[in-house]
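The values are calculated or read from the model by the stated rules, or taken from the named source; none is laboratory data. Values in this document were obtained by computation on a predicted structure and should not be read as measured data. Glycine also receives a Cβ, built like all others from the backbone with ideal geometry; neighbour counts cover every protein chain displayed.
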Amino acid sequence: MVKSKVSLIAKVCIVAVVVFLLPVFASAEQPTYGFHAGDYEFTLSGNGSSDHSLKRTDFSTSLGLGYFPMDNFEVALRQSIGLNDRESSSWNGASVLAIDYHFNLGQIQPLLGANFGYSYGEGINDEWGAGPEAGVKVFLNNTTFIRALVQYEFPVSGSFSSDGRFIYGLGLGLKF
């Protein structure tokens with residue numbers, strides 16, 4: 001009989017504690033994912049690029065700084081530097097301005113946008129380029145994310161289909 005009274009008292013105490021603590025947990029701040037007006041982001045990425053037929057590939061590193069003038073809408077400046085070792089070692093770079101819209105799905109943020117920039121260096125034609133881009137940012141917490149991005153860039157003075165190249169990257173970003 002004593003055992004059943006103790007277990008009944010224990011059950012009532014547990015229920016009472018849960019009921020009294022429930023408002024505390026309900027009012028606890030939940031992580032906020034996504035981007036809002038006034039946010040900035042910094043990204044560091046490893047990139048690869050291939051010609052339109054995916055036969056010639058180079059690798060590079062990119063730094064980016066983005067600003068959100070409106071919720072989910074980003075303007076970013078990215079700087080890439082790369083090395084290739086085909087016939088002889090050479091370097092190349094690109095300075096790019098991008099505009100992206102982020103679809104706020106919580107922890108996962110798909111994005112669509114466009115970019116415009118200038119490519120330069122040894123072993124390549126210095127030229128202006130532009131193209132569409134798509135990707136996804138997956139938040140690890142409310143300020144840190146992993147970004148996967150694919151761009152198709154074509155020379156402004158060339159053909160979209162025969163002179164373009166794919167640029168793909170994977171990186172880490174911080175929202176502040």
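Can ASN142 be described as out of contact with any strand residue (DSSP E or B) (no Cβ under 6 Å at 6 or more places or on another chain) and either under 17 Å from HIS102 (Cα atoms) or surrounded by 14 or more Cβ atoms within 10 Å (Cβ to Cβ) (or both)?
On the way: out of contact with any strand residue (DSSP E or B) (no Cβ under 6 Å at 6 or more places or on another chain): yes; either under 17 Å from HIS102 (Cα atoms) or surrounded by 14 or more Cβ atoms within 10 Å (Cβ to Cβ) (or both): yes.
Yes.
Which of the residues spanning the stretch 89-104 are part of a strand (DSSP E or B), hydrophobic (A, V, I, L, M, F, W, C) and modelled with pLDDT of 95 or more? Walk me through it before giving the result.
Kept after step one, since they are part of a strand (DSSP E or B), are these residues of the stretch 89-104: 89-102.
Next cut, hydrophobic (A, V, I, L, M, F, W, C) only: 91, 94, 96-99.
Hits for the stretch 89-104 are VAL96, LEU97, ALA98, ILE99.
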